[in-house]
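The block underneath contains the structure these notes are about, expressed in structure tokens.
The values are calculated or read from the model by the stated rules, or taken from the named source; none is laboratory data. For clarity, every value in this text was computed on a predicted model and none was experimentally measured. Here the Cβ positions follow ideal geometry from the backbone for every residue, glycine too, while neighbour counts run over all protein chains shown.
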Amino acid sequence: MQANTATAGTADALSPATAPQYPSELQRYTDEEVRQFVAGIENPFDPGEIKWRVTNTSSDRRRGQVIAYADPRAYTDRLNALFTVRGWTREYAVQVIQNFERRDGGKDETTISGKIVVTCKLTIDGIGTHCGLGEEWADNENAGTSAEAQAFKRACSCFGLGRYLYDLGGNWVDLDDRRQPLSKPRLPDWALPKRKSGVTASQNGNAHAGANGHMHDTGGVQVDWPTLTARVKSLCEQVGLGLARSVTKAVAATEDPEQISNAAVLSALSAKLEDTLRGVERLRTATEVIGQASFSRLCQQMNLAGDGLDDIPDRSVLRRLIEALEKAAGATTLRQNGAGQIPAEQLSREEMKILATLRGDLMREAQRVGRLRNMKVSDVVDRAARGEFRFSGLQRLPMEALPKIRAAIDVLRQVT
């Protein structure tokens, strides 16, 4: 039986009658084995698989904002490595929808065009099924390929595969004459693969305690149990009561991390809490820009119990808060630039390169110190700056702030 099938037509292509049928005894996984698979699915791709696409440019076209993505083949390779080619399948339904009104570039005129809409149904045998939707304008000669890839990757993200790429913010880099990046942004530590998965459809390593009672094996990878449990406890405190409970329940089917006895599950929970903490830090940074009063009003509009971190019930609410706050923070930033700050695109190419290099050095040192002292990066930067600037305004600092950035870097380098 072939692992991947593609069907073109209407939504009937995804009806149960056309879905591939597997013998019910082909694959059966316990809850713990499924959680081990999830940990392998969510592991970041190798950096060599990551590509960068320019989505926005400065007014002089010398700088561009890039986002990270991976080729669909990287997704396919991960699924094959974890589940073998027999353990998963995907189906496509393709539709052409006509009579869309489309604005012609930046002009006021509109044209009538069609769209290619692709639905991908991804099934991992013994685990479940998710669907993703992709779309592209029909006048694009690669519309079908583009929409298909988009649908497949969105279906994969429902299982957690490649989802971390959505958390990588747009980085500004120098562009060449063809408007392509001159250099690749450095991936943060959390976006690097933690390990190679030792779990496949034919080799499921169960967690167990070693002779000393502290080391646990998760599919061939040992972890220090006391360190891991302490880390999970710290993360739960940092993300707040509501988020900690909902994330723990989603990963381990319990709201109490102390009831988890499987190292693979606890490792998966730690990774998910790390991801949630990054969202919390983005929330705090945006709140610093727009102010606590605006944040409180937003919480009231969303009918939350209060405006504290413990009052955020789950990741979906956190995501909505971040989107609303960062949108408002962006508008605030524009007003601040208009009030006297020098917008980045008005700096010379050499000045932007110097600023970007120093900001990168500062962030690397802040991340190092944050890991040593168990502190948020934003707090580390604010303390090192000693009131000269703040983390929330780091991207807007003018050239005159170079000595202040260097001084903050020197402060952090002395921390061991």
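For LEU133, are the conditions met, namely being without any contact (Cβ under 8 Å) to a residue 60 or more places away in the chain and surrounded by fewer than 19 Cβ atoms within 10 Å (Cβ to Cβ)?
yes
Could you check, for the stretch 56-75, whether at least one of its residues is more than 30 Å from LEU269 (Cβ to Cβ), out of contact with any Asp or Glu (no Cβ under 7 Å at 6 or more places or on another chain) and surrounded by 20 or more Cβ atoms within 10 Å (Cβ to Cβ)?
yes
Answer yes or no as to whether GLU101 is buried (at least 19 other Cβ atoms within 10 Å of the Cβ) and either in contact with a strand residue (DSSP E or B) (Cβ under 7 Å, 6 or more places away or on another chain) or in a helix (DSSP H, G or I) (or both).
No; evaluated as a whole, the condition is false for this residue.
Considering every residue within the stretch 166-183, establish whether at least one is in a loop (DSSP other than H, G, I, E, B), among the basic types (Lys, Arg) and touching a Lys or Arg at 6+ places or on another chain (Cβ under 9 Å).
yes
Across the stretch 144-188, what is the number of residues that are on the phi > 0 side of the Ramachandran plot and not small (Gly, Ala, Ser)?
1
Looking only at the stretch 160-170, which residues are modelled with pLDDT under 85 and surrounded by fewer than 18 Cβ atoms within 10 Å (Cβ to Cβ)?
TYR166, ASP167, GLY169, GLY170
Kindly indicate the residue of the stretch 227-273 that is among the charged types (D, E, K, R) and assigned to a helix (DSSP H, G or I) and also modelled with the highest pLDDT among those meeting that condition.
ARG245
Could you give every pair whose Cβ atoms fall below 7 Å, whose first residue belongs to the stretch 230-257 and is not assigned by TED's automatic domain parsing to the domain that holds MET375 and crowded, with 20+ Cβ neighbours inside 10 Å, and whose second residue is part of a helix (DSSP H, G or I) and among the β-branched types (Val, Ile, Thr), counting only separations of at least 6 or pairs across chains?
Cβ pairs passing all conditions: VAL239/THR276; VAL239/VAL280; LEU243/THR276; VAL247/THR276; VAL251/VAL265; ALA252/VAL265; PRO257/VAL232; PRO257/THR248.
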